[in-house]
Each structure stands twice: as structure tokens, then as C-alpha cells.
Amino acid sequence: MPKIIECVPNFSEGRDQKVITAIADAVRATPGATLLDVDPGQSTNRTVYTFVGDPESIVEAALNAAKAAYPLIDMRKHKGEHPRMGALDVCPFIPISDVTVTECVEISKKFGARLAKEVGVPVFLYGAASETEYRKTMPQIRAGEYEGLEDKLKEERWAPDFGCSTFVPSWGGTVTGVRKFLIAYNINMLSTKEQAHRIALNLREKGRGDDQPGRLKACQGIGWWLEEANIAQISLNMTDMDVTPMHVAYEEAKKDAEDLKVAVTGSELVGLVPLSAMLAAADFYIEKEGLMVLDENQKVHLAINRLGLSTLSPFNPKERIIEYCLPSSSSNLLIQKTVNDFVLSVGDRSSAPGGGSVSALLAALGCGLGAMVGS
């Protein structure tokens, strides 16, 4: 199985289509890298790119994207709802297939060292790549944002991991490292920005401070106003979907919204999402509502519907679920299914797989028994 690594750089430009396209084209032009998604935000003035590749191509693609952005983004002019500290604000690497976290840490360090040397900007490590406890998370490192970075770089404890401590006004700073698959998840609110932020404080793990923690572990969040949709949003980063799934966050937000007598009107995902997160949401609503849904595609459809993922823009599973986007993905081939999954597929409401596939499996089992007797 080939080594596959995902890279999800966040660039501080979400309005100028020429800049957004230039960065995407730089990734597309990198041999061995596959661009899966480009997700710009007008209000955040930020674009999230998602691409995959092998250990060598993923570094080259990230560097090419940064080099394309360098002459095009000027942080001195940047305004947006999302916290940020640099033109390439954060560039995480995520292990996907046949690759370890340790390998990804080395890849992020290789990228950081080359970015600092070849572009001449300060680079910080975070997540699994950071060995310093007070600079492990994005909120820790990004505190003060771009506007406070010049003074921050003068402090010895905030010396960058790569590059010098010289402030680059047009760029700011970049953070890179390794993390689990992060789900960037926004919940739509017919409320004020302040009401959305109040709920975000109730939900996010750090809450309002050490003495007032939030309800959801592995969850970061703020409230903001989405000008283009004339709504507020609770913007959440779900840093460990096994600890807090997105459907749990959605249901908890609905509870708080009801207390404030404001409406939740669906949600949106930024970038890609693992299939397992969609199926977990479907299973939750199947159990909650006493439904019988077995087919994978129908489960995905149910999750999209119950979470309101198509409220602001159409949610196309083939373009938004990472397993469906990966090059040479064979997750839906019958031959790749376990026997248990195959039996469940046969029991679905669809006509295929049917008698032919069942007969083929029985024939294969018969051949296996024959081989056993013959040996």
C-alpha cells in the first residue's frame, strides 16, 4: 500500500479569485500531489486547501503553494473573521495511509526548514511536532495574531523553530506540524454574533477559562458573523472526532440555542471529512429515531440531511468525503469489503449486489474448501 499523507494549508486570502487559483495551480503542477479540495471563505478571508501525496511530493506541493502565495498576499492589508498570524497561517500534515505520525513529524520539520530558508519567513512547530508544552496548540501560538507577532518575536521564548526572529510584515509567521484529522465544522445560527460566541464558550473545551471549562473535549470554538449569508455561526475545530463527534456538537449547540430562543439552521463542513464521521452521525440518528438504514450511501444521505450540511451550499459526498476523493480509491469495490459488510450490502434495499455476487462468493468459498481437501 502506498504512503499517503494529507496536507491542509490555510492561506489568508478568501476573496481574490486570482490569488486563490494561483495557489491551487501551484499544487496541481506538483508531480505526485493530488489537489482534492479548495474551500474559500469570504467573511473569514481565508482559503483551506486539501491535497494528498507521498512523503516527497507533499513537501514540494506545500512549498510550491507557499512560494506562489508569497508575492500575492500582503498581511498588512488583511482583514477577516478568522484568527490568523500569517499569509500561510497553518500547514498541518496528517497521516492517511501506511505512514506514521513520527514520519509526518519529520516531514513537517523538513517543510518548515525549507520554507524558512527558501522563502525567508519565521516558522513555528505545533501539535506532535512541537516539543515545547506552551506552544503545542494553534491558540497558544497564534495568541496576539498577526498584529502582535512583531513584539512576540522579540521574546526569546517565542523564537521560531526555523528561520530568524525578524518580522516579515507582508507575511507574518507560519505554523506547521502534525495533527489528527481535524474537522472544521460551523453551525449556522439565526442569532447575533455575540449569542453564537456565547454558545461556543459553553461548548469548547477551554470554555471561559480554567474555572469555567466547556462541555466538549477536543473542541475549539468561537462565534462569528457570516456576512454573505446574513447569519451567525459557531465555528468549531473538532481536534479528535473519536472523543467528540460533530453530531454531538450539533446537538449540544441546539440545546443551548433553544435556551436562548434562537434557531439553529443546519451546519457546514470546511474542507473534507472522513467517511467514519458521516457514518457515526448517521448511526446516531438511526438509533435516536428508530430508523432502519443499512446502505452506506443512504447513511451518508441521512447524515447530510440531519446535520443540514447542504443549507448554505450543496454537499456532494464524492467531493467532500476524503475516502471518496483519494486517488485510486477502492473503498466501494465489492472485493474490498469484509464478509460482514458484503452480507449487509446484500441486505440493502438496492438491487446490487445480488444473486451473481452471492454465487461468486459461494463459488470462491467452494474453491477454498476444495483446495483444503486437496492439500
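Points to keep in mind about this one:
- Arg76 part of a helix (DSSP H, G or I) and farther than 30 Å from Pro2 by Cβ: yes
- Hits in the range 238-267 (condition: touching a helix residue (DSSP H, G or I) at 6+ places or on another chain (Cβ under 9 Å), open to solvent by 30 Å² or more (accessible area, probe 1.4 Å) and in contact (Cβ under 8 Å) with a residue 40 or more places away in the chain): Met241, Glu252, Leu260, Ala263, Val264
- Within the range 295-314, the set of residues being aliphatic (A, V, I, L, M), in contact with a helix residue (DSSP H, G or I) (Cβ under 7 Å, 6 or more places away or on another chain) and either more than 16 Å from Val264 (Cβ to Cβ) or part of a helix (DSSP H, G or I) (or both) comprises Val300, Leu302, Ala303, Leu307.
- Here the range 1-22 is the region considered, the condition is being under 21 Å from Leu326 (Cβ atoms) and open to solvent by less than 20 Å² (accessible area, probe 1.4 Å), and the residue that is nearest to the chain's Cα centre (by Cα) is Val8.
- Pairs meeting the criteria (first residue in the range 98-109 and within 17 Å of Val8 (Cβ to Cβ) and assigned to a helix (DSSP H, G or I), second residue of a type in the set (A, V, I, L, M, F, W, C) and open to solvent by 20 Å² or more (accessible area, probe 1.4 Å), beta carbons under 8 Å, at least 6 apart or on different chains) are Val101/Ala128; Cys104/Ala128; Val105/Ala128.
- All positions within the range 187-214 that are in contact (Cβ under 8 Å) with a residue 40 or more places away in the chain, part of a strand (DSSP E or B) and open to solvent by 10 Å² or more (accessible area, probe 1.4 Å): Leu190
- Odd one out for Pro71, checked against (1) open to solvent by 10 Å² or more (accessible area, probe 1.4 Å); (2) part of a helix (DSSP H, G or I); (3) under 18 Å from Ala22 (Cα atoms): (2)
The values are calculated or read from the model by the stated rules, or taken from the named source; none is laboratory data. Everything quoted here is computed from the prediction, not taken from an experiment. Note that we place each Cβ from the backbone using ideal geometry, even for glycine, and neighbour counts take in every protein chain shown. Surface areas here come from the heavy atoms of the whole protein model, side chains and all, with no ligands, DNA or RNA. Shrake-Rupley method; radii C 1.70, N 1.55, O 1.52, S 1.80 Å.
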